[in-house]
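Remarks on the structure that follows.
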Amino acid sequence: MTSSVEQFLSSDIPQYGLLKPEEVQEPLENLLGEAEEQLRKIASSREAAQWETVIEPLTNATERLGRLWSAIHHLGAVMDSPEWRELTNNNLEKISRFWSRLAQDKGLFEKTRSISLNTANAKLSESRERALNNSLRDFRLGGVELDSDAQKAFTERSARLATLSQQFSENLLDSTNSTKILIGHEGRLAGLPEAVAQAAREKARSEKLNAVAAFGLQQPSLIPVLQFADDRDLRKEMYSKNARRASELAEEGPEHDNSMLMAEILQLRQEQAKALGFSTAAELSLASKMAESPEQVMAFLLDLAKKARPFAEQDVAELKAFAKTHLSLEAMESWDVSYVSEKLRQKKFSFSEDEVRQYFQVQHVLAGLFELVRELFGVELRESPEPDLSTYRWHPDVQLYSVIRGAETIGYLFLDLYTRPTKRGGAWMDDSRGRRRLVSQVQKPVAMLTCNFMPPSEHRPSTISHDDVTTLFHEFGHGLHHLLTEVDELEVSGINGVEWDAVELPSQFMENFCWEWEKLQSMTCHVETGEPLPEDLYKKMIRAKNFQSGLFMLRQIEFALFDLRIHHQVIESDLQKAAKSIMDVLHEVRSEVAVLHPPSFQRFPQSFSHIFAGGYAAGYYSYKWAEVLSADAYAAFEEEPTNYTAVGQRFWREILSKGGSRPALESFKAFRGREPSPEPLLRHSGLLETA
Ligand SMILES: [Zn+2]
């Protein structure tokens, strides 16, 4: 094994900067071979089955492989290149087959099952018992109880699914990157914030385009154009090109069309579910979640929709009337919605999002966030003292922090904040190492946080919108969940083993603090004057906080219902028909819950990576589901406003520190002293009749 890969695998802080695509293939194969050899040894061992003789070596065998593979995956997502792509694509099926084989190993399954029997007298710890139960469940969901022919087919489908998801992501990124909107004269930039216009001019210059300015479809240009550009044709062009991404109607032609991939993904998921005795993929998905059945989730979503609907209808009526009387837009089109909303917001609350943005310089926001984390959980984040960061980071933008409690470093955090064409869109947290107690020491958790903020320019630091601030806090909450764990077993420490529909609890919880006056004071610093956020602007922001919250809530419910229904129906065996039925379900859901209807060329599912390329299949509802928990958790702070540190410590003790070591509902009840209530979510969103 080359020394750089070995160094990456064994160091406390992973050294991503050492990994080169051309040096990774052989080590990956070696690790795969080693892991397989270990599994064989464990399965054939004659020792009595115990935690120490089965689970521990099993985890040892797979952890190093997992480290390298997830690094390849991560680097492909943030530093996309033909070399990383090839590595991912060449090994995807091999790795998927390995995990399938492991899950289907009847010998290992039997050994795992007998641990609880063998240790009946010496009781297992809570976290080991939880890990063991999860493991038995995963064996079953991985097909261990199938006969060998069915197992083979199951494995083939899993491998194919892994490939299709990867293709889906690549299509979307390529389609996004293949579109440029060229601007012929300055007049077309009217209305845009200067920083956005400047970035567009720089883009045209640096890419030597024959234009005054140019836009791509990446979020930091798409969103402000739709929101601020006075040029309606420009908005229409951006909206239309974005809406058709990765579809048969895409700007560049059908070469990145995701439609057939989506159809095949759904078919395969359905077959996997049937093989395991579930009637639909949605039922299989819920087997490892907090929610009990698709029907329960559907009822939950429809109930929220019912409550949000009157508010959303009001929102739309107000928008349309405003568009007509103030902007002379007789018919408000989809490409006008953000623009009209922004103008209405300015009129109603007399401030613009761009005005707010000037106060949020990324590095100041981070400082305020770190201060909050110190107050709530007593931990400090310090920029890493490592002398040579280039061996650790994958790009010069990346920052590395140590997480410190008392005098002890308890984990590490990588931050990769700015957008670039080689990075996938959106924001997310990934784990790189999980906490684990080893014989001689504790392995420290490492988290990686990726965002797509507008980078600083030569003359100006990066400023972000308040929405971006919320996103940063959100992802940071995932990071804290992973970093502040005190669980000793890797299988259930940090975010490992947490039910998917409870994973958003700490992340959405953190978002609430972006609205507190004192917290905002410590994280704002006007980019020109250096002033913190003034109180009158803050008051306007608070008044505007629930602006269009009914509309927003309905849109999230639309996505969640669409996701659940396409996974909870019979999928046609004909791919064309299956693809069509996906769009049919979308239209059905829209006619049921939506109050705004996009044009017929819009191809939303083709870019819905959460469910086709991420882990959210039949799980997008998790955002709303967990928001009930997170809003109610934050309400505990509202009830004791002078006691943040004590409530924060309790939140850590009962939720963050426990990770996946016990059911999420139990952790919630331990923190709150009762079952979750949906009232705080509705109250915070301004969706209570009495509010
Ligand atoms: Zn999240």
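The values are calculated or read from the model by the stated rules, or taken from the named source; none is laboratory data. Small disclaimer: the values here were computed from a predicted structure and weren't measured. Cβ: placed from backbone, ideal geometry, glycine included. Neighbour counts: every protein chain shown.
Tabulated data
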item	result
From E408, E380, E386, residue being more than 24 Å from the chain's Cα centre (by Cα) and closer than 27 Å to E518 by Cα	E380
Total residues in segment 541-580, condition closer than 20 Å to R244 by Cβ and surrounded by fewer than 21 Cβ atoms within 10 Å (Cβ to Cβ)	3
C451 being more than 16 Å from the ligand (Cβ to nearest atom), at pLDDT 95 or above and either surrounded by 17 or more Cβ atoms within 10 Å (Cβ to Cβ) or of a type in the set (D, E, K, R) (or both)	no
Any hit, segment 330-337, residues being within 28 Å of E654 (Cβ to Cβ) and in contact with a helix residue (DSSP H, G or I) (Cβ under 9 Å, 6 or more places away or on another chain)	no
Pick from segment 320-343, criterion touching a residue at least 40 places away in the same chain (Cβ under 8 Å) and in a helix (DSSP H, G or I), ranking: nearest to Q548 (Cα to Cα)	S341
Residue count, segment 508-542 (criterion: away from the ligand (no atom under 16 Å from the Cβ) and out of contact with any Pro (no Cβ under 7 Å at 6 or more places or on another chain))	24
Residue among A211, A122 that alone is at pLDDT below 95 and either closer than 29 Å to A229 by Cα or outside the structural domain of N242 (by TED's automatic domain parsing) (or both)	A122
Output for segment 581-616, where each listed residue is surrounded by 17 or more Cβ atoms within 10 Å (Cβ to Cβ), over 24 Å from A250 (Cα atoms) and within 16 Å of the ligand (Cβ to nearest atom)	Y616
Checklist (1) of a type outside the set (F, W, Y); (2) surrounded by fewer than 16 Cβ atoms within 10 Å (Cβ to Cβ); (3) over 29 Å from the mean Cα position of the chain (by Cα) applied to S288, failing item	(3)
Subset of segment 359-383 (residues that are among the basic types (K, R) and in a helix (DSSP H, G or I))	R374
Scope segment 1-52; condition among the acidic types (D, E), assigned to a helix (DSSP H, G or I) and closer than 19 Å to L490 by Cα; matching residues	E52
Residue list for segment 474-520, restricted to those being without any contact (Cβ under 8 Å) to a residue 40 or more places away in the chain and of a type in the set (A, V, I, L, M)	M510
Flag if K545 is in contact with a helix residue (DSSP H, G or I) (Cβ under 8 Å, 6 or more places away or on another chain), more than 16 Å from the ligand (Cβ to nearest atom) and of a type in the set (K, R)	yes
Answer from L505, L490, L472, L480 - the residue that is at pLDDT 95 or above, more than 16 Å from the ligand (Cβ to nearest atom), buried (at least 24 other Cβ atoms within 10 Å of the Cβ) and not charged (D, E, K, R)	L490
Residue ID - modelled with the lowest pLDDT, chosen from residues in segment 539-597 that are within 24 Å of Q270 (Cβ to Cβ) and of a type in the set (S, T, Y)	S573
Only listed residue being among the acidic types (D, E), under 22 Å from A291 (Cα atoms) and touching a residue at least 40 places away in the same chain (Cβ under 8 Å), chosen from E627, E654	E627
Options R420, R433; residue that is of a type in the set (K, R), surrounded by 15 or more Cβ atoms within 10 Å (Cβ to Cβ) and either within 16 Å of the ligand (Cβ to nearest atom) or under 21 Å from the mean Cα position of the chain (by Cα) (or both)	R433
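Here's the yes/no breakdown for (1) under 27 Å from the mean Cα position of the chain (by Cα); (2) farther than 17 Å from E56 by Cα:
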position	(1), (2)
N91	yes, yes
K94	yes, yes
R97	yes, yes
K111	no, no
S116	no, no
L124	no, no
R130	yes, no
